[in-house]
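Accompanying notes for the structure given below.
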Amino acid sequence: MGKNIFKRILQAAIQYILSIFKWIHTHQQVLVYALLILSSSIYFVYTLGYSSNWAMVVSETRGTNFYRASQQANRLMNQLGFISLIITLLTLAFSSMSRKKFYMSNIVLSILSIIMLIVNAALTLYYNSVLRILYERITEAEVPAYLYITHGAGEKSYQVFDLGYYVTGFMIVTALFLGIFLIKKLRAQKERGILLERLVEANER
């Protein structure tokens, strides 16, 4: 009796998991472009808050090299993040989320979105690695502890760098999913086009 119940529970769990995968496969186009919206939006918000607290702290001290470098990085990341968000919105405006047949505009915008995600991810990883080293080298003599406390940062905070790695990972995964979907979409369209040509030729005969 106990084994039968366990077997039924296991079968029900497997069926449920399979139904989830089936739903994901059916709605993969919507899900992929929803990920694109989410990743572009999260990255843009991330750049808006980048280096805000700790950069303000060191700007009032002798840690000016780090402050200037962080502001230059922040400016470029924010600009690219904004461009990426605009491209994403254009991609959606051309109905890439729901269009059954992709036209050149859908293809080009999707490829541009992938490129921007990869560029933003690579740039964030580069700047975070460089700035983290500079930040670690700032001594207490350059930034007194009371300044951190005054600005509510407590001790040195590396949260913005750690968060950047998560955001970067999310963008890379999104770019990968979007690339795979685009290849599958174009392949399916090509196969459908060849099939239609054969049907037309068969009817003409």
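Quick note: the coordinates plus some simple rules give every number you see, no bench work behind them. Please read all numbers here as calculations on a predicted model, not as lab measurements. Ideal geometry is used to build each Cβ from the backbone, glycine not excepted, and the neighbour counts take in all protein chains shown.
Please work out the Cα center distance from the stretch 84-124 to the stretch 25-42, rounded to the nearest Å.
Here the answer is 11 Å between Cα centres.
Highest mean first, how do 178-191, 80-93 rank when packing is the count of other Cβ atoms within 10 Å averaged over residues? Please report the intermediate quantities before stating the final value.
Numbers: 178-191: 14.3, 80-93: 18.0.
The densest-packed peptide leads the list: 80-93, 178-191.
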